[in-house]
1. Going by what's in this entry, would Asp402 be described as within 28 Å of Tyr184 (Cβ to Cβ), charged (D, E, K, R) and open to solvent by less than 50 Å² (accessible area, probe 1.4 Å)?
2. Given (1) in contact (Cβ under 8 Å) with a residue 60 or more places away in the chain; (2) in a loop (DSSP other than H, G, I, E, B), where does Pro98 come up short, assuming only one miss?
3. For region 372-390, does any single residue satisfy the condition of being of a type in the set (Val, Ile, Thr) and surrounded by 13 or more Cβ atoms within 10 Å (Cβ to Cβ)?
4. Looking at region 363-379, can you tell me whether even one residue there is among the β-branched types (Val, Ile, Thr) and free of Cβ contacts under 8 Å to residues at least 12 places away in the same chain?
5. Which number in (1) open to solvent by 70 Å² or more (accessible area, probe 1.4 Å); (2) touching a strand residue (DSSP E or B) at 6+ places or on another chain (Cβ under 9 Å) marks the one condition that Glu148 misses?
6. Restricting attention to region 35-46, does a residue exist that is charged (D, E, K, R), in contact with a Phe, Trp or Tyr (Cβ under 8 Å, 6 or more places away or on another chain) and without any contact (Cβ under 8 Å) to a residue 60 or more places away in the chain?
7. Filter region 106-130 down to the residues that are outside any helix (DSSP H, G or I) and touching a helix residue (DSSP H, G or I) at 6+ places or on another chain (Cβ under 7 Å), then identify the one that is nearest to Phe150 (Cα to Cα).
8. Name every residue in region 337-356 that is open to solvent by 10 Å² or more (accessible area, probe 1.4 Å) and either of a type outside the set (Lys, Arg) or not in a loop (DSSP other than H, G, I, E, B) (or both), in order of residue number.
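The values are calculated or read from the model by the stated rules, or taken from the named source; none is laboratory data. As the structure is a prediction and not an experimental result, all values here were calculated from the model. Virtual Cβ from ideal backbone geometry, glycine too; neighbours counted across all protein chains shown. Quick note on the areas: whole protein, heavy atoms, side chains included, nothing else; ligands and nucleic acids left out. Shrake-Rupley method; radii C 1.70, N 1.55, O 1.52, S 1.80 Å.
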Amino acid sequence: MAEKYPFGTWIYNVLGDFTPDELDRWKECGISLSVTERTFYGKHNIADLIPFLDKAEKLDIKLVANIVGLTNYDILKMTDEEYEARFREVYGILGGHPALYGFYVGDEPGNREIMEASERCLRIQKKVAPELTPFMNISGHTPGFSEEVFGGKSFFNWMKDLSDELGHMSFSFSQYNQMVADEYIDMYYESIKAIVDAAKYTKIDIWGCFLLSAHYNFRVPTEYEIMWQITTGAALGCRGVFWFRLYDRAHGPNYHGSPIDEYGYKTEQFYKLLRCQRRFADHYGELLMSLRFKDAYFIGKQRATYPMFGYGTHDMVSEIRADRDGIVSFFEDENGKEYMCLVNADQNTNGVYKIFFDREKCDLIEVLFNGKQGSPYNFGNTKDHWDGQWLYPGQMCIYRIDRK
């Protein structure tokens, strides 16, 4: 079975709040890899997670076991030997289940003590269960932390050394400023660039932890903005999305607008999420997971420290004219075949994008349904601005570059 672009969400409910049938709603809206309900070691029966894993297997969903008692904060109160004994006990109950992706390590370590605790968890988990993938969430600000937080290393070297030692892991990073105002969007792009640039040389998959419901000064995203977060993250090298959040809590001072409200009912946001995730998965979710991210550029307005796309940037695609901001990025498959990704980076307005390339040297084939369908770019090389690829806010298209 082809690898699928992961869509997950934070689940703050405690084991027992749901039955395994709740996963039917996750499947309906396109969730494919997510954390379990919080399960407290010493309070809950760990085996009670098995029916959820069984249900997940039937629905082709992977689960990250969220065991309170095995996190980076928990290991602060234990020796490595004590943590390993506890992890082996839990692994003995859940390990080997085909729906188990890995175990949750912790959220946004921000100082040396908790970062070192996270490293200890990761090492022990990979020692005991090398076939699983530990999952941790860092902050969008993490690349800017001092080297002291990383044990005297740069963020880049910390990521690389950790990956060289432990192999495949998955980290997400929290970034919500894109749902405040335009002047904060550069923070979103800068976080992605810094983290993806570091991860390009590692075996760590980076997922964006993006915003689905509102809190603090972050607004409820529109359907366009949900898709915008998915496509801009993917075009810039993120290998999955973890949403904050799917459920509203019974009482939260200003948390609101989630896909499932505090009464357990689906909201309008649920169906917006469904359309965005399933549409993306149907067309690009398997294709992108088979490709390696190379480089990304902006057209229109420059964002963060990304370079601008222009003459001489690419040997086949000479120019892209647009009336809205855009992202142009390039990927490569295992055989060296190149793909170009184009995204309307405007959050509110449709745009038209005119691609100029040397037709004697290559063809551009727009790929749909994960490469099962393709059609040649059919707009002429005229200067007519309106004769081009129309994209709604956040819409993505991917072209295969067939060199002649």
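1. Values: within 28 Å of Tyr184 (Cβ to Cβ): no; charged (D, E, K, R): yes; open to solvent by less than 50 Å² (accessible area, probe 1.4 Å): yes.
Here the answer is no, as Asp402 does not meet what is asked.
2. Every listed condition holds for Pro98 apart from (1).
3. Among the residues of region 372-390, not one is of a type in the set (Val, Ile, Thr) and surrounded by 13 or more Cβ atoms within 10 Å (Cβ to Cβ), which makes the answer no.
4. At the first step, the residues of region 363-379 found to be among the β-branched types (Val, Ile, Thr) are 365, 367.
Narrowing the set further to residues that are free of Cβ contacts under 8 Å to residues at least 12 places away in the same chain leaves none.
No - not one qualifying residue is present in region 363-379.
5. Condition not satisfied by Glu148: (2).
6. Step one: of region 35-46, the residues charged (D, E, K, R) are 37-38, 43.
Going one step further and asking which of them are in contact with a Phe, Trp or Tyr (Cβ under 8 Å, 6 or more places away or on another chain), we end up with 37-38.
Restricting the remaining residues to those that are without any contact (Cβ under 8 Å) to a residue 60 or more places away in the chain gives 37-38.
Checked region 35-46: at least one residue is charged (D, E, K, R), in contact with a Phe, Trp or Tyr (Cβ under 8 Å, 6 or more places away or on another chain) and without any contact (Cβ under 8 Å) to a residue 60 or more places away in the chain.
7. Within region 106-130, the first condition is being outside any helix (DSSP H, G or I), and the residues that meet it are 106-111, 129-130.
Subset that is touching a helix residue (DSSP H, G or I) at 6+ places or on another chain (Cβ under 7 Å): 106, 109, 111, 129.
On the way: Gly106: 16, Pro109: 10, Asn111: 8, Ala129: 24 Å.
Applying the filter and picking the extreme gives Asn111.
8. Step one: list which residues in region 337-356 are open to solvent by 10 Å² or more (accessible area, probe 1.4 Å), which gives 337-339, 345-350, 356.
Those that are open to solvent by 10 Å² or more (accessible area, probe 1.4 Å) and either of a type outside the set (Lys, Arg) or not in a loop (DSSP other than H, G, I, E, B) (or both): Glu338, Tyr339, Ala345, Asp346, Gln347, Asn348, Thr349, Asn350, Phe356.
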